[in-house]
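Enquirer: To start, I am sharing the structure in question, which I have written as structure tokens.
Read-outs throughout are calculated quantities, based only on the coordinates presented, and are distinct from any laboratory measurement. Please read all numbers here as calculations on a predicted model, not as lab measurements. Reconstructed Cβ throughout: ideal geometry from the backbone, glycine too, with neighbour counts over all protein chains shown.
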Amino acid sequence: MARPRDSVRISPTAHYTGYTWLEHGLSHPALATPTGRFLYKALTPANLAMAAAGQATLDGFLLARHHLIDALLRRAIERGEVSQVIEVACGLSPRGYRFAKQHGDAITYVEADLPAMAAKKRELLGRASAGSTHHRVVEIDATADDGQQSIEAIAAALDPARGTAIITEGLLNYFDPVSVGKMWRRFARALGHFPHGVYLSDLHLGQDARPIERVFAGLLGVFVRGRIHFHFDDEPAASRELASAGFGRTALRSPEQHQDLTGPVDLASARAVRIVEAWVR
């Protein structure tokens with residue numbers, strides 16, 4: 001079967017996750033690509049086999065983390081603590097589309113990614129009749145300490161009187177712990193300019209990595225052509241790094257323990273990930 005041709009600058013994981021969201025009713029068809037459909041269908045037999053064996057699946061893992069990040073962001077908005085969002089490495093995520101559609105101009109949602117991906121996301125949102133002054137896409141270099149594409153500059157363009165969230169989903173996996181620590185410091189500094197600031201992200205801990213999870217991560221690494229990192233040995237180590245970066249109140253939440261917020265999840269898959277909720281004030 002020939003592989004569909006679309007933007008080769010989009011990573012395989014962005015294609016795959018984009019189609020996963022559509023398959024599970026979370027996205028607009030414009031945000032899914034032919035390559036995503038190809039990859040999703042190609043991996044369906046493996047996902048079904050893993051599920052039948054009671055093991056973690058790629059879909060189950062992706063949905064568990066996505067739903068809990070959604071739930072925590074929704075709660076912060078409903079409490080009046082957050083009305084501005086920056087989603088770093090947004091890829092083909094439908095979160096900005098859904099939250100902007102639901103809340104209108106009550107929130108400002110900024111999606112950020114590398115230049116090629118940012119351009120593609122603008123094009124796809126246009127096809128979905130989405131995007132506005134309150135829902136826009138910008139270019140970012142998450143490794144930059146300063147400059148026009150730094151998180152500091154992007155945050156500085158927002159209203160300093162409104163609570164703000166920074167989200168990364170699926171980004172940290174590709175960075176080693178030292179690089180993650182530096183990124184967290186940039187995020188904490190940027191959020192420190194707002195009356196409320198929260199960082200939401202998925203994170204992998206060594207304590208959660210059973211042999212099957214390590215095999216799963218290895219296979220995923222082959223799929224994305226890169227190493228998948230298990231960040232920090234345990235929860236205290238991750239919490240110490242977050243505190244050192246400048247965050248105050250932090251929690252590392254397991255999706256399996258927060259089904260009151262997310263609804264039922266695939267427990268085998270949910271155990272493979274933690275969701276960071278870290279506040280600067």
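Enquirer: Just to check, using Stokes-Einstein with a Kirkwood Rh over alpha carbon pairs, what's the diffusion coefficient of the chain at 25 °C and 0.890 mPa s in µm²/s?
Expert: Rounded, D is 129 µm²/s.
Enquirer: Additional query: Under a 5 Å amide H to amide H cut-off, with H placed in plane at 1.01 Å, what residues pair with Thr108 once short-range neighbours are removed?
Expert: Gln84, Val85
Enquirer: Then there is this: May I ask you to compute the full-extension gain from Ser132 to Ala49, defined as 0.36 nm times their residue separation minus their alpha-carbon distance, rounded to one decimal in nm?
Expert: Residue separation times 0.36 nm, minus the Cα-Cα distance, leaves 25.6 nm.
Enquirer: Shifting gears a bit: Rg over Rh of the range 10-58, using C-alpha atoms and the Kirkwood radius, what does it come to?
Expert: A ratio of 1.01.
Enquirer: Find how much the distance from Thr143 to Ala42 grows on full extension, using 0.36 nm per residue of separation minus their present alpha carbon separation; answer in nm with one decimal.
Expert: Between Thr143 and Ala42, full extension yields an extra 33.0 nm.
Enquirer: Another question about this same structure. Based on a Kirkwood Rh over C-alpha pairs, give the Stokes-Einstein translational diffusion coefficient of the range 26-94 at 4 °C and viscosity 1.567 mPa s in µm²/s.
Expert: D, rounded to a whole number, is 90 µm²/s.
Enquirer: Here's a follow-up. Residues of the range 121-153 with backbone nitrogen within less than 16 Å of a virtual label 7 Å along the Cα-to-Cβ line of His193, please, listed as ranges.
Expert: Those under the cut-off are 138-142, 144-153.
Enquirer: Please turn the phi angles of the range 49-60 into ³J(HN,Hα) values with the Karplus equation 6.51 cos²θ - 1.76 cosθ + 1.60 (θ = phi - 60°), one per residue in order, whole Hz, x for glycine and proline.
Expert: 5, 5, 5, 5, 8, x, 9, 4, 10, 5, 4, x
Enquirer: List the residues whose amide H sits under 5 Å from the amide H of Leu205, counting only those 5 or more places along or on another chain, with H placed 1.01 Å from N in the peptide plane.
Expert: Sorted by chain and number, the residues that satisfy this are His231, Arg274.
Enquirer: The range 250-281 to the range 116-169: how many Å between their Cα centroids?
Expert: Rounded to whole Å, the Cα centres lie 25 Å apart.
Enquirer: Say the dipole of the chain comes from +1 at the beta carbon of Lys and Arg and -1 at that of Asp and Glu; which of Leu191, Thr164, Ala100 then lies farthest toward its positive end?
Expert: About the Cα centre, the residue reaching furthest to the positive side is Ala100.
Enquirer: Which percent, to the nearest 5, of DSSP beta bridges fully inside the chain are antiparallel?
Expert: Close to 35 percent.
Enquirer: Return the calculated 222 nm mean residue ellipticity for the chain, to the nearest 500 deg cm²/dmol, obtained by summing -39500 (n - 2.57) across DSSP H runs with n ≥ 4 and dividing by the residue count.
Expert: So the calculated ellipticity at 222 nm is -14000 deg cm²/dmol.
Enquirer: Still on this structure: Using the structure shown, list the pairs from Lys101/Lys182; Lys41/Lys120; Lys41/Lys121 with a Cα-Cα distance above 26 Å, or answer none.
Expert: Cα-Cα > 26 Å for Lys101/Lys182; rest within.
Enquirer: Taking amide H atoms as placed 1.01 Å from N in the peptide plane, list the residues 5 or more away in sequence, or in a different chain, whose amide H sits under 5 Å from that of Ser93.
Expert: For Ser93, no residues qualify.
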